[in-house]
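Participant: Okay, here's the structure, questions in a sec.
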Amino acid sequence: MRDIKKIVIGAVILAAGVLFALNALNVTDIDIFFPGWWTLFIIIPSGIGLITDKDKTGSAIGLSVGVVLLLWQLDVVNLSLVWELIVVAILVAVGIKLIVGGTKKSNSNDGVSVNISVDAPSGCAIFGGKEMNFDGQVFEGTELTAVFGGVDCDLSGAIIKKDCKIKATAIFGGVDIILPKGVNVSVSSTSIFGGTDDAYVREPASEVTVYIETVSVFGGVDIK
């Protein structure tokens with residue numbers, strides 16, 4: 001399958017090279033280095049991504065940021081307004097992404113429905129840190145949230161008797177989940193300028209599965 005994004009970007013770079021060569025040979029006098037020309041390397045890939053990518057959130061943010069930076073370079077907006085517009089673009093795109101994702105019926109974890117008990121402990125860290133340790137305790141699920149902070153959830157010594165779920169959200173922060181040995185792990189993730197690192201070492205199949213759903217926005221979730 002052809003990579004349209006690479007083809008278009010390659011064509012633009014090739015055209016720029018040809019024009020640069022023609023200018024050097026005095027064949028043409030086209031100034032390709034206009035104020036803010038470098039923003040095209042943000043705008044063009046992001047614009048293509050809006051058409052070709054399945055998840056268009058990152059491309060929408062990239063295109064918005066690229067356009068705002070170009071307007072700044074062309075003296076249409078001032079620097080202070082640039083940062084305000086960039087923050088607005090990011091917040092709007094992330095908000096729409098989360099709202100749309102929340103209204104859609106979830107198909108994660110192969111359609112298996114496992115709920116977190118209302119009595120289950122939860123961990124939340126906002127501009128700080130939170131450590132949770134379940135050594136010797138029966139674990140039936142939890143919800144972890146890190147916003148400009150970090151949450152460490154140690155389940156290495158926990159007792160897991162049945163399928164359970166962990167919901168982890170990292171927004172400009174991080175969540176670390178340490179799982180016990182010998183359990184099945186199913187991970188589904190939604191990432192916006194962030195990611196989920198699943199480094200858990202799987203062993204022979206177990207009758208118990210830990211379902212982990214993650215959302216990362218300029219943050220990360222580590223599973224080990």
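Participant: Within the set of pairs 6 or more residues apart or between chains, which connect a residue that is over 13 Å from ILE13 (Cα atoms) inside the stretch 24-43 to a residue that is at pLDDT 80 or above and assigned to a loop (DSSP other than H, G, I, E, B) with Cβ atoms less than 6 Å apart?
Facilitator: Listed by first residue and then by second, the contacts come to PRO35/LEU74; GLY36/LEU74.
Participant: Kindly indicate the residue of the stretch 175-194 that is under 25 Å from SER59 (Cβ atoms) and not hydroxyl-bearing (Ser, Thr, Tyr) and also farthest from the chain's Cα centre (by Cα) among those meeting that condition.
Facilitator: First, the residues of the stretch 175-194 that are under 25 Å from SER59 (Cβ atoms): 187-194.
Subset that is not hydroxyl-bearing (Ser, Thr, Tyr): 187, 192-194.
Details: VAL187: 15, ILE192: 2, PHE193: 4, GLY194: 3 Å.
Among those that are under 25 Å from SER59 (Cβ atoms) and not hydroxyl-bearing (Ser, Thr, Tyr), it is VAL187.
Participant: If I ask for residues that are within 23 Å of the chain's Cα centre (by Cα) and at pLDDT 80 or above, which ones from the stretch 49-78 would you list?
Facilitator: The first filter runs over the stretch 49-78 and keeps only residues within 23 Å of the chain's Cα centre (by Cα), leaving 49-69.
The answer is LEU63, SER64, VAL65, GLY66, VAL67, VAL68, LEU69.
Participant: Kindly establish whether ASP163 is in the same structural domain as TYR200 (by TED's automatic domain parsing) and at pLDDT 90 or above.
Facilitator: Numbers: in the same structural domain as TYR200 (by TED's automatic domain parsing): yes; at pLDDT 90 or above: yes.
Criteria met by ASP163.
Participant: Considering only residues that are in a strand (DSSP E or B) and touching a Phe, Trp or Tyr at 6+ places or on another chain (Cβ under 8 Å), which ones fall in the stretch 154-186? Write out each step before concluding.
Facilitator: Step one: list which residues in the stretch 154-186 are in a strand (DSSP E or B), which gives 154, 159, 164-171, 174-178, 184-186.
Correct list: ASP154, ILE159, CYS164, LYS165, ILE166, ILE171, VAL185, SER186.
Participant: Would you say ALA170 is at pLDDT below 90 and either touching a strand residue (DSSP E or B) at 6+ places or on another chain (Cβ under 9 Å) or closer than 16 Å to GLU143 by Cα (or both)?
Facilitator: yes
Participant: While we're here: Does the stretch 92-109 include one or more residues that are in a loop (DSSP other than H, G, I, E, B) and at pLDDT 70 or above?
Facilitator: Taking every residue of the stretch 92-109 in turn, none turns out to be in a loop (DSSP other than H, G, I, E, B) and at pLDDT 70 or above.
Participant: Here's another thing I want to ask about it. Right, ALA120: outside the structural domain of SER59 (by TED's automatic domain parsing), touching a residue at least 12 places away in the same chain (Cβ under 8 Å) and either assigned to a loop (DSSP other than H, G, I, E, B) or among the hydroxyl-bearing types (Ser, Thr, Tyr) (or both) or not?
Facilitator: On the way: outside the structural domain of SER59 (by TED's automatic domain parsing): yes; touching a residue at least 12 places away in the same chain (Cβ under 8 Å): yes; either assigned to a loop (DSSP other than H, G, I, E, B) or among the hydroxyl-bearing types (Ser, Thr, Tyr) (or both): yes.
The answer is yes for ALA120.
The values are calculated or read from the model by the stated rules, or taken from the named source; none is laboratory data. Keep in mind the model is a prediction, meaning the values are calculated, not measured. Neighbour counts are summed over all protein chains in view; Cβ atoms, including those assigned to glycine, are modelled from backbone coordinates with ideal geometry.
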